[in-house]
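Colleague: After the structure tokens below, expect a handful of questions from me.
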Amino acid sequence: MAKKKTQEKPREIKSKALIVAAPWYKNSMQLGLVVSLLVVTFICFSPLLSNQKKFINFDDPVYITKQDLITKMDAKHLKTMFSEHDASLNYHPLTMLSLAVNYSFSQLHPYGYFFTNLLLHLFNTFLVFLFLYRLSGKKFWTGFVAALLFGIHPMHVESVAWAAERKDVLYCFFFLACCITYLTYIETKKIKYMVFCFALFLFSCLSKAMAVPLPVVLLLIDFYRQRKFTAQSITEKIPFFLLSLVIGYIAVKVQSQGAISTLSQVTLPQRLMFASYGFMMYFEKLLVPIGLSAFYPYPLLSGGDVSFVYKIAPVIALCIAAVPLLVTYKRNKAQFRLLLFGIGFFIAMVALVLQFLSVGAAIMADRYSYLPYIGLFFIIATYANGFLEQKKTKTIAAASLVVIASLLAVTCYARVQVWQNDVVLWTDVIEKYPPVSTHDGGVTNVALAEGISIAYDNRANYYRLHGDMEKAFSDYELLTRFHSNSEGAYNNMGNLYSMKAQEAASKGNKDTATALYSKAIAMYSEAIRLKPSDIDAVHNRGITYSGMGEHQKALNDFNTALKLNPDEPSNLASAASEKIQLGMYKEGIDDYNRALAASPNDATLLFYRGTAYINSGKYKEGIDDLALSVKENPAQGNAWYNLSFAYNSIHNKQQALDAALNAKKNGYAITDQYLESLKSAN
């Protein structure tokens with residue numbers, strides 16, 4: 001008789017690895033909500049993919065449009081990336097590698113770069129959901145609300161809509177992946193996950209040095225998950241802290257070349273005020289994200305003092321950080337752990353950019369909130385989860401969430417459009433920070449906010465490069481009127497005055513031209529005073545002196561430029577030209593020889609050296625140079641004429657006639673009398 005089969009009881013799943021691999025949603029509604037979240041985020045940032053979206057003339061040239069390093073991915077370029085090469089005084093080789101990948105596909109077309117940024121932001125939004133969903137003990141609404149805030153918060157636009165901020169979205173990607181892997185490690189105790197965690201931390205650091213506080217975040221995760229602090233839980237993080245020290249050392253070494261301001265005019269208490277003010281403003285912008293700007297200037301110091309709001313900022317910042325913890329410490333341990341994790345996460349990640357050391361010219365920046373806000377979003381989302389899970393409050397909580405999300409989405413979409421191009425972006429900054437009145441000793445002055453000249457300078461540069469000289473002149477003029485410390489503004493203003501002077505001279509307005517040349521000299525001189533090593537200003541002043549006929553002053557400037565850059569062909573050629581004008585033929589020819597050693601087929605240099613030879617009576621050498629010059633560039637009417645003159649001087653009338661006819665053909669004014677004299681001689 002066959003035995004009756006007994007039904008086996010389902011075995012209990014004990015493997016924590018299987019628990020970790022369980023789906024992150026419980027039903028189709030939750031899956032649909034997360035997908036909808038990503039779709040909404042994509043729509044909010046969709047203006048990035050329009051044909052009107054351009055690179056910005058603030059760091060984008062350093063990272064992309066004028067960065068030779070990303071144009072190839074051969075062994076030489078990769079080695080340079082991973083050495084202590086810096087872009088804009090930052091060490092982030094993986095960021096540069098990612099930009100090089102973009103370049104290999106789309107060269108300098110903006111679409112590919114911004115699509116990649118947006119794609120990374122979408123990944124990060126989903127990773128925020130996964131991280132906080134698991135950290136909270138798989139509370140769906142906690143992960144969802146935090147990810148929603150992360151995805152569409154207007155403060156995060158700068159990190160995504162600015163191509164140069166690839167480093168933000170990239171380091172955040174590896175950072176969040178590291179945190180999720182760490183959760184897997186503490187749930188499974190498998191060492192391989194700790195190894196993966198360290199590798200992801202390394203990738204994050206190589207994307208942006210701002211990742212170095214991650215070991216502190218790991219300790220905060222331990223605290224929130226109530227993991228016991230043992231010798232093992234501490235020692236396992238030692239490699240992370242050592243890597244943080246190494247990357248931190250490299251970052252400080254690179255930034256010490258210029259990015260870290262000494263703030264010589266700002267006292268230590270004022271630095272504390274500025275750092276506290278930035279801390280306070282990050283909380284304000286979190287809750288009320290209006291008045292956002294690509295640049296937040298330091299306050300103007302009136303009589304060496306700051307306004308009242310900065311004086312009380314340290315007290316307010318301390319209250320924001322400490323009061324919630326003090327209130328909950330004894331009353332509710334769970335809330336205390338939540339607040340300590342969230343606020344601690346924010347402080348750990350934002351502390352290095354609170355401008356206590358003043359890295360850069362701005363008191364705060366939207367991009368610095370990109371990852372730090374995750375800690376604060378976790379606090380908000382945890383409380384929201386409580387309301388969304390209760391029957392009595394879930395309807396009003398859901399309605400409130402829809403309203404808040406709608407407001408954030410609309411604001412985010414509008415903010416993305418501000419990052420469309422240079423004119424829109426910098427005009428937005430200028431409108432938010434117009435010239436202000438200051439009072440010092442009873443005297444009222446009108447000035448620009450500290451550092452805000454960057455907005456006028458960049459907008460003017462855009463106008464100048466796109467041929468709108470009047471608008472460029474207006475911006476540069478405003479900067480010089482308010483005594484900006486931007487040497488570039490004075491240099492460019494000098495260029496515009498020189499252009500106007502040349503135009504006036506071409507129309508025969510000699511007095512007007514002289515006055516404009518004098519203004520140009522004054523602008524260049526101020527640029528040189530602000531930055532004596534500004535080779536462009538020195539060279540441009542020399543060119544202006546030459547145009548005014550003051551050849552000795554021009555030569556003095558060109559000699560200074562040569563001291564700053566001895567082998568620059570344009571400096572050598574300019575110095576040589578002035579030496580020829582002063583009758584210093586041998587010295588001038590020597591300079592042309594040095595310049596031509598670097599550019600042997602340069603038609604312009606050959607023309608000038610050939611002319612110098614002719615002026616010094618060396619006709620054969622002059623003819624050789626001029627013949628090569630017109631061979632390289634046959635359209636040089638003046639070169640053909642000088643060649644004709646040289647042939648005529650050695651009585652070679654036929655070749656002199658041929659050269660003269662070529663000169664006339666290419667627009668040089670040859671008199672009929674000169675042509676007839678050559679024809680009659682033949």
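The values are calculated or read from the model by the stated rules, or taken from the named source; none is laboratory data. Worth saying up front: this structure is predicted, and the values here are computed from it rather than measured. When we count neighbours, we look across all protein chains shown, and the Cβ atoms used for this are built from the backbone with ideal geometry, even at glycine.
Colleague: Mind checking whether some residue in region 229-243 is touching a Cys at 6+ places or on another chain (Cβ under 6 Å) and either in the same structural domain as residue 91 (by TED's automatic domain parsing) or in contact (Cβ under 8 Å) with a residue 24 or more places away in the chain (or both)?
Modeller: Looking only at region 229-243, we keep the residues that are touching a Cys at 6+ places or on another chain (Cβ under 6 Å), and these are none.
No, there is no match, as no residue in region 229-243 is touching a Cys at 6+ places or on another chain (Cβ under 6 Å) and either in the same structural domain as residue 91 (by TED's automatic domain parsing) or in contact (Cβ under 8 Å) with a residue 24 or more places away in the chain (or both).
Colleague: Which of the residues belonging to region 533-578 are basic (Lys, Arg) and either within 19 Å of residue 488 (Cα to Cα) or surrounded by 24 or more Cβ atoms within 10 Å (Cβ to Cβ) (or both)?
Modeller: If we filter region 533-578 for residues that are basic (Lys, Arg), which is where we start, we get 541, 553, 563.
If the condition is that a residue be basic (Lys, Arg) and either within 19 Å of residue 488 (Cα to Cα) or surrounded by 24 or more Cβ atoms within 10 Å (Cβ to Cβ) (or both), then 541 is the only one that fits.
Colleague: Scan region 169-176 and tell me whether some residue there is more than 25 Å from residue 59 (Cα to Cα) and touching a Phe, Trp or Tyr at 6+ places or on another chain (Cβ under 8 Å).
Modeller: Yes, that holds for at least one residue.
Colleague: Counting residues that are closer than 24 Å to residue 532 by Cβ, of a type in the set (A, V, I, L, M) and modelled with pLDDT of 90 or more, which helices (runs of 4 or more DSSP H) fully inside region 544-645 reach at least 1?
Modeller: Per the criteria, 551-564.
Colleague: Applying the selection to region 149-173, what residues are hydrophobic (A, V, I, L, M, F, W, C) and either under 18 Å from the mean Cα position of the chain (by Cα) or surrounded by fewer than 24 Cβ atoms within 10 Å (Cβ to Cβ) (or both)? It would help to see each step written out before you state the result.
Modeller: First, pick out the residues of region 149-173 that are hydrophobic (A, V, I, L, M, F, W, C): 149-150, 152, 155, 157, 160-164, 169-170, 172-173.
Those that are hydrophobic (A, V, I, L, M, F, W, C) and either under 18 Å from the mean Cα position of the chain (by Cα) or surrounded by fewer than 24 Cβ atoms within 10 Å (Cβ to Cβ) (or both): 155, 157, 160, 161, 162, 163, 164, 169, 170, 172, 173.
Colleague: Condition first: under 24 Å from residue 116 (Cβ atoms), out of contact with any helix residue (DSSP H, G or I) (no Cβ under 6 Å at 6 or more places or on another chain), modelled with pLDDT of 95 or more and of a type in the set (Gly, Ala, Ser). Can you find one or more residues in region 172-185 that meet it?
Modeller: First, the residues of region 172-185 that are under 24 Å from residue 116 (Cβ atoms): 172-181.
Within this subset, residues satisfying the condition of being out of contact with any helix residue (DSSP H, G or I) (no Cβ under 6 Å at 6 or more places or on another chain) are none.
Looking through region 172-185, none of the residues is under 24 Å from residue 116 (Cβ atoms), out of contact with any helix residue (DSSP H, G or I) (no Cβ under 6 Å at 6 or more places or on another chain), modelled with pLDDT of 95 or more and of a type in the set (Gly, Ala, Ser).
Colleague: Yes or no: region 22-44 includes at least one residue that is hydroxyl-bearing (Ser, Thr, Tyr), touching a Lys or Arg at 6+ places or on another chain (Cβ under 8 Å) and in the same structural domain as residue 384 (by TED's automatic domain parsing). I'd like the intermediate steps shown before the answer.
Modeller: If we filter region 22-44 for residues that are hydroxyl-bearing (Ser, Thr, Tyr), which is where we start, we get 25, 28, 36, 41.
After this cut, where a residue has to be touching a Lys or Arg at 6+ places or on another chain (Cβ under 8 Å) as well, the list is none.
Within region 22-44, none of the residues are hydroxyl-bearing (Ser, Thr, Tyr), touching a Lys or Arg at 6+ places or on another chain (Cβ under 8 Å) and in the same structural domain as residue 384 (by TED's automatic domain parsing).
Colleague: Filter region 237-258 down to the residues that are surrounded by fewer than 18 Cβ atoms within 10 Å (Cβ to Cβ) and outside any helix (DSSP H, G or I), then identify the one that is modelled with the lowest pLDDT. Walk me through it before giving the result.
Modeller: Taking region 237-258 as the starting set, the residues that turn out to be surrounded by fewer than 18 Cβ atoms within 10 Å (Cβ to Cβ) are 238-239, 241-242, 245-246, 248-250, 252-253, 256-258.
Now drop any that are not outside any helix (DSSP H, G or I), which leaves 256-258.
On the way: 256: 66, 257: 61, 258: 54.
Looking at residues that are surrounded by fewer than 18 Cβ atoms within 10 Å (Cβ to Cβ) and outside any helix (DSSP H, G or I), I get 258.
Colleague: I've got another one for you. Please pick out the residue among 129, 105 that is among the aromatic types (Phe, Trp, Tyr), assigned to a helix (DSSP H, G or I) and crowded, with 21+ Cβ neighbours inside 10 Å. Please lay out each step first, then the result.
Modeller: Numbers: 105 fails: crowded, with 21+ Cβ neighbours inside 10 Å.
After applying the criteria, what remains is 129.
Condition check ((1) surrounded by 14 or more Cβ atoms within 10 Å (Cβ to Cβ); (2) within 31 Å of the chain's Cα centre (by Cα); (3) assigned by TED's automatic domain parsing to the domain that holds residue 180) across all residues:
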residue	(1), (2), (3)
326	no, no, yes
338	yes, no, yes
341	yes, no, yes
349	yes, yes, yes
353	yes, yes, yes
370	yes, yes, yes
395	no, no, yes
400	yes, no, yes
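Colleague: Given the residues 228, 208, 237, which is the only one that is closer than 25 Å to residue 343 by Cα, touching a Pro at 6+ places or on another chain (Cβ under 9 Å) and not aliphatic (A, V, I, L, M)?
Modeller: Details: 228 fails: touching a Pro at 6+ places or on another chain (Cβ under 9 Å); 208 fails: touching a Pro at 6+ places or on another chain (Cβ under 9 Å).
The conditions single out 237.
Colleague: Restricting to region 75-102, name every residue that is in a loop (DSSP other than H, G, I, E, B) and modelled with pLDDT of 85 or more. Write out each step before concluding.
Modeller: Applying the first criterion (in a loop (DSSP other than H, G, I, E, B)) to region 75-102 yields 83-92.
The one that is in a loop (DSSP other than H, G, I, E, B) and modelled with pLDDT of 85 or more: 92.
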